[in-house]
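These notes concern the structure reproduced below.
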């Protein structure tokens with residue numbers, strides 16, 4: 001089982017999300033993917049049906065980039081972090097088939113709780 005974390009390496013929401021995930025998931029099980037190309041390449045490789053993809057779209061452009069790899073996400077459990085709460089942003093986010101939605105302005109405690117339940121279900 002791996003947690004695939006897509007987040008640009010800039011400080012801010014991605015850094016906070018990474019810290020929260022590391023509090024619940026051993027580092028050896030986290031795969032950091034900082035570009036859409038690295039995410040795409042990883043998704044084209046072998047995945048386990050227990051893998052979890054945590055995807056952070058810091059802005060609408062990143063969300064559009066994530067939509068370009070949506071076909072490769074169908075076999076993964078997806079946790080999606082959206083840049084805002086606008087109806088069109090949420091609608092686009094739902095096309096990725098997430099099991100849970102959060103937002104960049106949160107403290108990601110909700111993401112940690114969901115990840116904890118997902119991880120417990122795999123054991």
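Restricting segment 70-91 to residues that are at pLDDT 95 or above and assigned to a loop (DSSP other than H, G, I, E, B) leaves a set whose member that is nearest to residue 8 (Cα to Cα) is 83.
No other residue among 93, 97 is without any contact (Cβ under 8 Å) to a residue 60 or more places away in the chain and at positive phi apart from 97.
When residues in segment 1-45 are screened for being under 11 Å from the mean Cα position of the chain (by Cα) and either at pLDDT below 90 or part of a helix (DSSP H, G or I) (or both), 5 of them pass. Checking each residue in segment 16-25 for being free of Cβ contacts under 8 Å to residues at least 12 places away in the same chain and surrounded by 13 or more Cβ atoms within 10 Å (Cβ to Cβ) picks out only 22. Screening residue 90 against (1) surrounded by 12 or more Cβ atoms within 10 Å (Cβ to Cβ); (2) under 14 Å from the mean Cα position of the chain (by Cα) leaves a single unmet condition, (2).
The set of residues in segment 93-110 being in contact with a helix residue (DSSP H, G or I) (Cβ under 7 Å, 6 or more places away or on another chain) and within 15 Å of residue 53 (Cβ to Cβ) consists of 93, 95, 96, 97, 100, 101, 102.
Scanning segment 28-70 for residues that are in contact with a helix residue (DSSP H, G or I) (Cβ under 8 Å, 6 or more places away or on another chain), over 17 Å from residue 96 (Cβ atoms) and touching a residue at least 40 places away in the same chain (Cβ under 8 Å) turns up just one, 50.
The values are calculated or read from the model by the stated rules, or taken from the named source; none is laboratory data. All of these numbers come straight from a predicted model, not from anything done at the bench. Using ideal geometry, Cβ is built from the backbone for each residue, glycine included, and neighbour counts are taken over all protein chains shown.
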